1. Checking A:VAL108 against (1) more than 16 Å from ligand 2 (Cβ to nearest atom); (2) surrounded by fewer than 21 Cβ atoms within 10 Å (Cβ to Cβ): exactly one of these is not met. Which one?
2. Which condition number in (1) touching a strand residue (DSSP E or B) at 6+ places or on another chain (Cβ under 8 Å); (2) open to solvent by 10 Å² or more (accessible area, probe 1.4 Å); (3) modelled with pLDDT under 95 is the one that A:ASP86 fails?
3. Can you tell me which residue is nearest to the chain's Cα centre (by Cα) among those in the stretch B:23-47 that are over 19 Å from B:LEU273 (Cβ atoms) and of a type outside the set (D, E, K, R)?
4. Go through the stretch A:130-141 and give me each residue that's within 14 Å of chain B (Cβ to nearest Cβ) and more than 7 Å from ligand 1 (Cβ to nearest atom).
5. Restricting to the stretch B:91-126, and then to whatever is among the charged types (D, E, K, R) and more than 9 Å from every other protein chain (Cβ to nearest Cβ), can you tell me which residue is most open to solvent (accessible area, probe 1.4 Å)?
6. What tally of residues in the stretch B:121-148 results from selecting those that are in contact with a Pro (Cβ under 7 Å, 6 or more places away or on another chain) and assigned to a helix (DSSP H, G or I)?
7. Please find, among B:GLY24, B:GLY39, B:GLY69, B:GLY11, the residue that is surrounded by fewer than 18 Cβ atoms within 10 Å (Cβ to Cβ) and over 24 Å from B:GLU269 (Cα atoms).
Amino acid sequence: MILSEPKPWEEIEGYLEGDDSVFLLGCDGCDAATGDGGAERVGELSGKLDEGGWNVTGTKVIEFLCNKALAGMKLARISDLIEESDSLLVSCCGIGVQAVSKLVDKQVHPANDTVSMGDFHGTWPSEETCKRCGECLLEYTGGICPLTMCVKGLLNGACGGSYEGKCEVEPDRPCGWELIYERLKDVGRLDLIEEYNPPKARQKYQFGVPMENRNSLYWAIEAEEGE
Amino acid sequence: MSTLKDKLEAGEFAITCEAGPPKGVDLENELKEAEEIAGLIDAFNVTDLQSSAMRMSSVAMCRLLEERGLETVYQMTCRDRNRLALQSSLLGAWALGMENVLALTGDYTTLGDHPDAMPVFDLDSIQLLETIERLNGGEDLVGNELKGSPQFFPGAAANPGADPLKPQILKSRMKADHGARFFQTQAVYDSDVFAKFMEELRDAGVETPVMVGILPLKSAGMARFMDANIAGVVIPDEVIKELTDASDTVQKSLEICSRVINETADLCEGVHLMPMGWEEYVPDILDGTDL
Ligand code: SF4
Ligand code: SF4
């Protein structure tokens, strides 16, 4: 169960500046359970998009967007709707947003911040894909997570060690920032690469997951039972 | 008073030279070598655990050089310290007399001699530049007021041989936008590559002074290794051949350095020497140029 929190609407509105038509995608997996991705949230976002004057080309809620193979099959059936949209707004965890970003050649906007892996994972769980940083940056990085795809977790472009598309740390590992650069170029949003991403709020993750988000099974059984 | 800043801002050609702290506490050689060439150099870049190998701290060696009247560029990476320690080190460095700082991301820990160390990277180089700018402005990263603020002259690294070049240009522009007031580059051996970089950088609207990186190749083998393994280092085949055919490799290597300086000096604002143990030959390299 991966826990996400909705991003403030003003932040999402900012992402959508310059887009006229938006396809809205939600997740019925963990995010339905936690209330940040499922049909209800998609309905709410759809209303806000309408109000704000965006043309919602379609909405769809898919179970476990994190499972790229499954999501790919479902998205293929609505590819024409996606094709005619300027971008996609995806209400899901960081893993699902990244899966969608790999599947479509459009800018993919994240609607949530992933804060915790909770307890039971989604069908495609991976700390290797999302570090549940609580301030999702996928909007600025072409749907590729800089915290997991860049070994150093850099937030503002490649380090000097990137060489022929590879990371300085391992010869076979792609440089995450090269991937981000190529992706932003492909979707025509290279302007985003020069957006300054400020230092991360580390207390939102790592050792400092806020108490209210620690509603995992572990937390319930092992930490709270002692009280 | 930073000579480096004064010179670069007045449009005068400046020369910096790298000086690596020792692994241990015996600094005799390092200080002697620096003092011997001090008259030729505007400032010494003191490296910060270069290549992630454990060494004496940069700030300590900077101070020892400054005490001898030699100006320094305090190199600082994001690898080993979080934002608290970085800011605190910067304040300390200023109090000890350092004015020039080079903000770097830093090599990854696993490349060095303590591969099991915790890599920090709480900030990246751009955020570190931004941090320096904040401290210069009298407040810390979260906006708390400082009691007395530094006036650092911050610089950054650039890689003219990066392939593709465009992301490098954009990143350099970002560095300039976030406070970098000079660039020191990765080692250059091909002046055409450097000329292209300078052209694109200026076309992108970045007018920040650039100091061309010069690193003597100690052998043809080293040249081949660097060409194949070091990010952004491009060594033309002719240069490798020159070294292979030379009867006196040292002489040839120094000649190549002088030649690259001559070919690039008009395109940029300074030269950054990285002698890597060949400090004694720095005068020969400079003698061989038209500077
Ligand atoms: S930026 Fe990366 S780690 Fe943070 S929420 Fe998004 S996908 Fe997860
Ligand atoms: S080479 Fe690329 S992926 Fe590796 S640490 Fe540097 S920027 Fe990150």
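The values are calculated or read from the model by the stated rules, or taken from the named source; none is laboratory data. Note that this is a predicted model, so its numbers are computed, not measured. When we count neighbours, we look across all protein chains shown, and the Cβ atoms used for this are built from the backbone with ideal geometry, even at glycine. Note: accessible area is taken over every heavy atom of the protein model, side chains too, but ligands, DNA and RNA are not part of it. Shrake-Rupley method; radii C 1.70, N 1.55, O 1.52, S 1.80 Å.
1. Only one criterion in (1) more than 16 Å from ligand 2 (Cβ to nearest atom); (2) surrounded by fewer than 21 Cβ atoms within 10 Å (Cβ to Cβ) is unmet by A:VAL108, namely (2).
2. Going through (1) touching a strand residue (DSSP E or B) at 6+ places or on another chain (Cβ under 8 Å); (2) open to solvent by 10 Å² or more (accessible area, probe 1.4 Å); (3) modelled with pLDDT under 95 one by one, A:ASP86 breaks only (3).
3. Across the stretch B:23-47, the extreme among qualifying residues is B:LEU27.
4. A:TYR140, A:THR141
5. Of everything passing the filter in the stretch B:91-126, B:ASP116 is most open to solvent (accessible area, probe 1.4 Å).
6. Summing the residues that are in contact with a Pro (Cβ under 7 Å, 6 or more places away or on another chain) and assigned to a helix (DSSP H, G or I) in the stretch B:121-148 gives 5.
7. Within the list B:GLY24, B:GLY39, B:GLY69, B:GLY11, the selection yields B:GLY24.
Let's see how each residue does on (1) surrounded by fewer than 20 Cβ atoms within 10 Å (Cβ to Cβ); (2) in a helix (DSSP H, G or I):
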| residue | (1), (2) |
| --- | --- |
| B:ALA228 | yes, yes |
| B:VAL239 | no, yes |
| B:ALA265 | yes, yes |
| B:THR289 | yes, no |
